[in-house]
């Protein structure tokens, strides 16, 4: 907790510059594509050009037969399977190379090997595949129709999983429909997106003869999980596999997966006994892997005349794509919708039915914020509608319905345990920071350029670092448990930290070192952090779910505390004092009369053992321990986003005029890094709100194959985001810190959509989909004009 | 996404370049900045057997100022124009339009001639050159010839350049000191290709009153007697003349594209009253 933290200029709460910057800012990072191994060869994949069909023939060029591999060559390789234990879940088998049928554009059919990627692509271009095409399942609504084509024939339908929270509440909702003074309904859609980290995927595999071990370098968030999955697919024991994830240029969920490419490349490295490499290019990323965010909501909210929320009723669909990805499965997202849709609000009744729908699209992956971004958009849209119906400012409706500070901790309607915080205060601060009154005044005056002004806000909480009790219920292949960390002193007093989580931009080499520095007093340049290598770090489910600074950070803290106790024992002996009188101050053990530095204690332990007592603590200066929060139901960071926009009714363009985020991430380890996380996340949220969209043709062809067509926000699209922090300590974590890595990406679509609709309200128009492209805005205005024309009696 | 194999040449004279191009029998491609051809080759949408790098050719890198016009070499980059390193016959308009092309990294390499030969209707020079009544100077095995910029673009990604010809330079008439010109494009975000482009040029001493509608599915529509059209647009309302112009550009009324082009025309007309005369 904060009050136990002593000041340390490099410890918890210090905005120190990142240790990683030294190499990253000089272009000296060591990413997978930087690896140069002797004899390394490249592969290129022959990928399906169609979305759905049966392979009837594969024609290989005669002169390259030995360098082309299809599924029949991969004897003993098992398909990727990621089942959920939730009742009714239907299993998919994703063969690493197509097995008779292809179910998405970009599905891999053959692997071509050559000394260079260009030559491998030459070979790939000579492989011809014949198909019996069948109709593609492209739209998740149509996928549920009785006469739809089937992605997996033996299922009988296209539903991975259906869930129903509050299925027995029919009579309650019948009554609400009759009696509730305010009833609002929205039908909302969010586009399919392609996560776009700066570094794509990629891997290099080789067989290490000395270790008798497959070594796979891969850009992965969860190297230990990849190892487990890879060993299962290849029929190896895990000791025969080492996964190393070097520097990773952005994860966001895109790299939280066992890839079919990894299995193929690993198999080929074992077969050829040569290093094999595959580096994803941007076209592969866009056309084969647009894999997130596509939701559909039909949400109804009931409120009393004062805008107090009575109930939420929702039917939601998630387009889960063709297969269930390992380890998160095809249903995590939709099932999460059902459990988190109520957001930070109180209500009497809640019902939500969800479908995880299989389509001929890339398998869904949990993108930063996972379902929260869509869910926040859905609930915050109806909260604004309630405000309009009640004649209240939108913020006022939030204040009336949010869980109040004095109610914390609070178990909400879906049994989420909100740990701490003052949600209404974040809204009040946001209203003040954006200066709502000034914008309202400006909104009423006519803008000389014809633009319309709108103000919108969103408030949400983000469950992070949730553990066993939450995940075992999903029954997916990976359930997080106690998080390990290892710390070790060298004889000259350097602390080596080893953790099984990974860093792909989060700056954990710095923040984990800050935590160690807080406990042991060491300067950051005497602390090294090793991540991303199954050969040297303890087993962990890795970095996802905003968990690393909570779980690994706390584990490092606890390991350092254990180490500190051992050092104090040695110091007491050296100082000839009772243990009780020796205290740790700075980086030394201080007794009544004398003190001894950490470095000296390390030197004594390793190199001058003759100075140690006979009954010395035998455990040494290396500690491996595991951490679990006092409650593993997760930390709940929360935020309020407020945005002012202008909408140009002539060309449909939206400009973000001001953007404020009030964020509470508990105790901040490094506020500067948190700001970076929040801003980076918000940039992605702005992409979701206004730009990013992978469209598909009716036959399942992705319509963007370059970044000229798939529009990402750039520096010119991101306003100067103003962040204010609240720091309510988490009650159950080691230092009061909360997970906050995904938060920034959650709030923007809801806040921006609300602001745009606020701006459009004077025109009688409303947008109900993301992204809000100029086309969507103009279409909404046009529809409202048509509606007005119809209303006028002839 | 790596290019198929090709032979690379970097000739030092225009004559040699033309010979190499002729020898390739249609399978060779001149390479200037490579900002479009490079990605197309990497995606194997273009698979030339040979590339003839024309950036070492002196004729293509020169700028010549005459009394009435300025001739700019085809391998002059957007960045050179943006930075004012070549004389601007349109009183600063070229410079500002150049600054709005893609991103600086693209402008550093991309060339005036390369963009014109690539003939993407949503690009900038392909639209601005006819508006300014420029002339394309072309060289081929049969010698040199000139092509009026108005006739340059034949269709999307197709120019009037013959297979064995190279665009050497672009001759642009100097505007009179009191000429009015405007250029407006609608883009989703800075640096993207245009969704709707419009421009006007009123140069009374030279008896010129041009209008241009670009970023359609085909060549830009060029109107040489646009006085009444401009008058209509300056009233702030699109009327029958605007509608006729948009329809002549192949735009269907009541479509998104039509609407955006209408807005671009209105805004370009309004910009005629400003000093700078262009915006995006």
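Read the figures in this text as sums done on the coordinates, not as results from a lab. Bear in mind that the values here come from a model prediction, so they are computed numbers and not experimental data. Please note: Cβ atoms are built from the backbone with ideal geometry, for glycine as well, and neighbour counts cover all protein chains shown.
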Revision key, fill the gap. Rounded to whole angstrom, the alpha-carbon centroid of the stretch A:500-561 lies from that of the stretch A:39-72 at a distance of 42 Å
Revision key, fill the gap. Inter-chain shielding metric for B:40-51, i.e. average beta-carbon neighbours from other chains within 10 angstrom, reads 1
Review point. Taking only the alpha-carbon positions of the stretch B:7-51 and ignoring solvent, what does the Debye formula give for the base-10 log of I(q)/I(0) at q = 0.18, 0.22 Å⁻¹?
Key: -0.52, -0.74
Revision key, fill the gap. Expressed in nanometres to one decimal, the distance between label points 7 Å along Cα→Cβ at residue A:788 and residue A:530 is 6.9 nm
Point to revise | For residues of B:183-196, the mean tally of beta carbons on other chains within 10 Å | key: 3
Point to revise | chain A, relative contact order in percent, only Cα pairs under 8 angstrom and at least six apart counted | key: 16 percent
Exercise for review: Specify the inter-centroid distance of the stretch A:102-118 and the stretch A:720-749, based on alpha-carbon positions, in whole Å.
Suggested key: 41 Å
Review point. Separation between the residue A:701 and residue A:722 pseudo-spin-labels, each 7 Å from Cα along Cα→Cβ, expressed in nm?
Key: 4.8 nm
Check your understanding: Going highest first, how would you order A:510-522, A:166-178, A:365-377 by mean Cβ packing within 10 Å?
Key -> A:365-377, A:510-522, A:166-178
Review point. How many Cβ atoms of partner chains, on average, are near each residue of B:258-271 if near means within 10 Å of its Cβ?
Key: 2
Revision key, fill the gap. One quarter of the C-alpha convex hull surface, i.e. the mean projected area of the protein assembly as shown in nm², amounts to 49.2 nm²
Practice item. Using R₀ = 41 Å, calculate the FRET efficiency as 1/(1 + (r/R₀)^6) where r is the Cβ-Cβ separation of residue B:63 and residue B:270; round to 0.05. Key: 0.80
Exercise for review: Give the calculated FRET efficiency between residue B:56 and residue A:468 to the nearest 0.05, with a Förster radius of 60 Å applied to their Cβ-Cβ distance.
Suggested key: 0.35
Exercise for review: Using per-residue counts of other Cβ atoms within 10 Å, averaged over each peptide, order B:150-160, A:603-613, A:223-233 from highest down.
Suggested key: A:223-233, B:150-160, A:603-613
Revision key, fill the gap. Given A:266-272, A:499-505, the highest-first ranking by average Cβ count within 10 Å works out to A:499-505, A:266-272
Revision key, fill the gap. Label model pair residue A:59, residue B:225: point-to-point distance (7 angstrom along the Cα→beta-carbon line) in nm is 5.9 nm
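Between residue A:210 and residue A:624, what FRET efficiency comes out of the Förster formula 1/(1 + (r/R0)^6) with R0 = 35 Å and r the beta carbon distance, rounded to 0.05?
Taking R0 as 35 Å, the efficiency between residue A:624 and residue A:210 is 0.85.
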Review point. Where a ≥ b ≥ c are the square roots of the eigenvalues of the C-alpha gyration tensor, would you call the stretch B:120-216 rounded, which needs a/c under 1.5, or, failing that, prolate if a/b is larger than b/c, or oblate?
Key: oblate
Practice item. May I ask you to compute the full-extension gain from residue B:247 to residue B:217, defined as 0.36 nm times their residue separation minus their alpha-carbon distance, rounded to one decimal in nm? Key: 9.5 nm
Review point. Counting alpha carbon pairs within less than 8 Å and at least 6 residues apart, what relative contact order, in whole percent, applies to chain B?
Key: 15 percent
**Study point:** the stretch A:775-791-the stretch A:357-425 distance, computed between alpha-carbon centres (Å)
**Key:** 29 Å
